[in-house]
1. Among the residues in segment 29-44, are any over 17 Å from LYS267 (Cβ atoms), outside any helix (DSSP H, G or I) and among the acidic types (Asp, Glu)?
2. Could you tell me whether any residue of segment 272-281 is closer than 19 Å to GLY203 by Cβ and open to solvent by 40 Å² or more (accessible area, probe 1.4 Å)?
3. Hey, among TYR840, TYR810, TYR827, TYR847, which residue is open to solvent by less than 30 Å² (accessible area, probe 1.4 Å) and either over 33 Å from the mean Cα position of the chain (by Cα) or of a type in the set (Ser, Thr, Tyr) (or both)?
4. Here are some conditions: (1) of a type in the set (D, E, K, R); (2) surrounded by fewer than 22 Cβ atoms within 10 Å (Cβ to Cβ); (3) within 19 Å of ALA247 (Cα to Cα). GLU290 meets all but one. Which one does it not meet?
5. Within segment 211-244, how many residues are part of a helix (DSSP H, G or I) and surrounded by 15 or more Cβ atoms within 10 Å (Cβ to Cβ)?
6. Considering segment 526-560 alone, what residues qualify as being open to solvent by less than 80 Å² (accessible area, probe 1.4 Å), among the β-branched types (Val, Ile, Thr) and outside any helix (DSSP H, G or I)?
7. Take the residues in segment 295-331 that are in contact with a Lys or Arg (Cβ under 7 Å, 6 or more places away or on another chain) and without any contact (Cβ under 8 Å) to a residue 40 or more places away in the chain, then tell me which one is least open to solvent (accessible area, probe 1.4 Å).
8. Look through GLY669, GLY709, GLY700 and report the one residue that is closer than 19 Å to VAL763 by Cβ and either at pLDDT 90 or above or small (Gly, Ala, Ser) (or both).
Amino acid sequence: MNTKRIIVGLLICGAICTAARAQATLDDPDALFRQALRYGDLYNWADAAPLFSQAEQLYAARGDNRNALYAHFGRLRSTMEQLSLPEVSEELGLDLDNNPLVQSDNELRLFCLVVRGDIDGEIDAVPMRRDWEAALSVAQTLGDKKWENRASGEIGFALFLAGDVTTARQKVTAALIGATMLQDAGAQIRYLAAIGHGFVQLGSYEDAMGYFDKALKIAATNPDAGYQFVVNEGRLQAFRSMGKLDAAQELADDIIAHARAKQKHVKETQALITASTVATAKNDEPKAVEDLQAAIELAQKGGFTRLLADAQFYLEDIYRKRGDLPKAESLAAAAAEGTQSSGDIYLVPFRLQALAQLQASQGKYREASETYDRASDILDSMIGNVTSAQAKLGLITSMSAIYSEHFTLIASHLNNTSKAFSVLEHARGRVTTDLLMSGRPPDSPKELEIEKQIARLNLELTKAKSSGEVRKVRDEIFLVEEARWLAPGSNPWKSRPWETIPLERVRNSLPPNQMMLEYVLAEPQSYCLAITKDFARIVPLAGRGDIDKLVSEYLKTLKTKGTSKQEGARLYTMLLKGIPEASTNVRLIVVPDGPLHLLPFEALVDTVGHYMVSSHTITYAPSATALYLLNSIPPRETAQRGLLGVGGVPYDQAPELNKLATLRGYTSGALTNLPASKDEVLAAQAAIGNASDTLLIGPGATKSAFEHGVDQHTIIHLAVHGFANVKHPDRAALMLLSDQQSGDDGILEASEIVHLHTNADLVVLSSCDTAVGSLQGEEGVANLSLAFMLAGSKTVISTLWSIDDTPALYLMKRFYAHLAAKDSVAYALTAAKRDMLKTYGAQAIPYYWASFRLDGAGDYSISVSSKKLAAAN
């Protein structure tokens, strides 16, 4: 027998054996069932479907009723998008209630609950949550850690749909961390994708893509995971939102093709809806309508209530642009009703906002106001349910337009100043106001431990030698930072119904020479709500675009050490000329909006060519309600010491801090010393100090030493490097020294400051950019100044741009001299600026003094001897 014939014979035998094994597998329901469960465990239900179906038939033929039912549940889950979801949910409910097999077998019951939880998740958040809570209980009975973790994560999804964003993120983040610890690849992919989708909704597309990439990387190492519909749908939405329309269209076509090939009707419907938004962005209206009508047909046929509402919502927008407002209103009403009936509470305010816009555009102003009120009521409930400052900020930021549009509607058409004020105050400075109205107990031990872990890992990062070690530590930091959301909910701000301080009470609280200016920037017209003891009036202003442009130009001039009284005068005209009483009320309190948060009103130029600082004392507040509450705080008797001063930090002798600041992205070069910062602190002590002061100067200026004394002083002065972070405002930071013995890293981030619980009445941040941050809609700017206010400070002085060391020293010396003379805090800062103008004349350009601003209460003085507050005359 020659060699070739031997080889051919072996190949034939091998093929026969392989076919025999394959046939044996096809005839073996246990093997089919195991592989189907493997696919399902990775959420690859499409490839699991035929295996579940075959296994079900084989088990039934054998008379194995238990496993036939088990496989039947798997078939229902893997083919649910081809079935009527309400009918399948009802069938599973009957099995749970009446089937003896399901009632007596916890493993089978758990799988039935898992399948029903996924199906109800496409219909209504309320039964979805019930399903997964029941699944969690069964998993705990079985000791099944994987499904305990997964069920908790799915409950998080249900809570998100119900509007409880904080608890939802805690549970989903915990599920991701748990999946990582359990090496549960399917759950890792699922929850990474979920968090990515969350970042897409928040507009943080680069962050979202990072999560999607992690999910795809894990899927790539698990080929049985199959095509990643959820991940790619998130990537599609991100591409669309980033303006990468060609990439979005290509990905949409790919998702739809895979969905149709596998009969994944839910995924097809989702992709069609998103594809319609891509077509709209490409000005292809016929294609957008075609996609949406196809999506509506699929959603109606399949009973996909939530997706039906989504498709109606996007189709409404097309009819609105066509000018068919009645048809658009009908679709918007249906979308709002469908969204609410499906339990997707988070989206209801947006849907009601669209409906109100359409009602207003047809002249139905009172109906529109009532619809905005409905949206506001739901938002109030959602904001009240979340228990962290960051979560509240996220909600308010994403939904601020609802409040500003409602205000504009009332100001333009309903002529009700008190109602307009109430609408605005529901959102303005809401986080600060919630804290002031409710108080906040100490942080939990877990929160404190998380901050210690991050500090320890930051120190490890400075010692990392290779890029691999750096990546490893950064991954650990990522997981611990995510765990911030898992701190137990035993210490939330007290829950209470939301209420604003009535306009009349705010008016009565203002002295005769004070005026509050509350701005609302909008298109085509902006507004200023001017409030004094004698009146409250809404004043129309130019549109937001015109104001934004002029503010941007003037800020550029000021920050580059330029002067342009013409620009300053134009802004004065635009923002104040329509309010003649502002010239006679020399004490102004500005509640800014949008870019006005970054504008020093003191540098505006009045009608006689003078900077406003020459004639007015100007401070800033998050809202009228917040200021009223801040002014109502009595003197704090708990502060036993006077000044806590930090300065003279030897940055050139802190190599690890410099390395960490670079690795964490705060600076691209070494931190330079601030020679005059020590003198600032000493000047403060010389003016108002006593024997109980604490000065952290030179090597003693550590983060741990500062944190130890932050709750024991009336005045805190920080003359250190500060860095804003517009992309991640919670990571804005002050640079102190690390303390190896305490395990701190020297970097004091905004997220840590919020947890300090200071008893200080006055915090002075003589650092760069401490008033700069990310605009958070009606909440204001998320920055270091806000962080200290949330930590408990009554007043914060901060800076709008980088400042020179020497002028800052002069200004601070004069400020503390005026404080020592028992001037009010607000007047002391204004007087210091006037001193600089008087002393240096034309050389005292706004760059040197306009950067400093005061947020919060300002009309009190500080007694040098006792450090107790006294009302200023």
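1. Looking through segment 29-44, none of the residues is over 17 Å from LYS267 (Cβ atoms), outside any helix (DSSP H, G or I) and among the acidic types (Asp, Glu).
2. Within segment 272-281, one or more residues are closer than 19 Å to GLY203 by Cβ and open to solvent by 40 Å² or more (accessible area, probe 1.4 Å).
3. Being open to solvent by less than 30 Å² (accessible area, probe 1.4 Å) and either over 33 Å from the mean Cα position of the chain (by Cα) or of a type in the set (Ser, Thr, Tyr) (or both) holds for just one of TYR840, TYR810, TYR827, TYR847, which is TYR847.
4. Going through (1) of a type in the set (D, E, K, R); (2) surrounded by fewer than 22 Cβ atoms within 10 Å (Cβ to Cβ); (3) within 19 Å of ALA247 (Cα to Cα) one by one, GLU290 breaks only (3).
5. Of the residues in that region, 22 qualify.
6. Answer for segment 526-560, where residues must be open to solvent by less than 80 Å² (accessible area, probe 1.4 Å), among the β-branched types (Val, Ile, Thr) and outside any helix (DSSP H, G or I): ILE531, THR532, ILE538, VAL539.
7. If we take residues in segment 295-331 being in contact with a Lys or Arg (Cβ under 7 Å, 6 or more places away or on another chain) and without any contact (Cβ under 8 Å) to a residue 40 or more places away in the chain, then ALA328 is least open to solvent (accessible area, probe 1.4 Å).
8. Matching residue, one of GLY669, GLY709, GLY700: GLY709.
The values are calculated or read from the model by the stated rules, or taken from the named source; none is laboratory data. These figures come from a predicted structure and were not determined experimentally. Note: ideal-geometry Cβ built from the backbone for every residue, glycine included; neighbour counts use all protein chains shown. The area values use the complete protein model at the heavy-atom level, side chains included, leaving out ligands, DNA and RNA. Shrake-Rupley method; radii C 1.70, N 1.55, O 1.52, S 1.80 Å.
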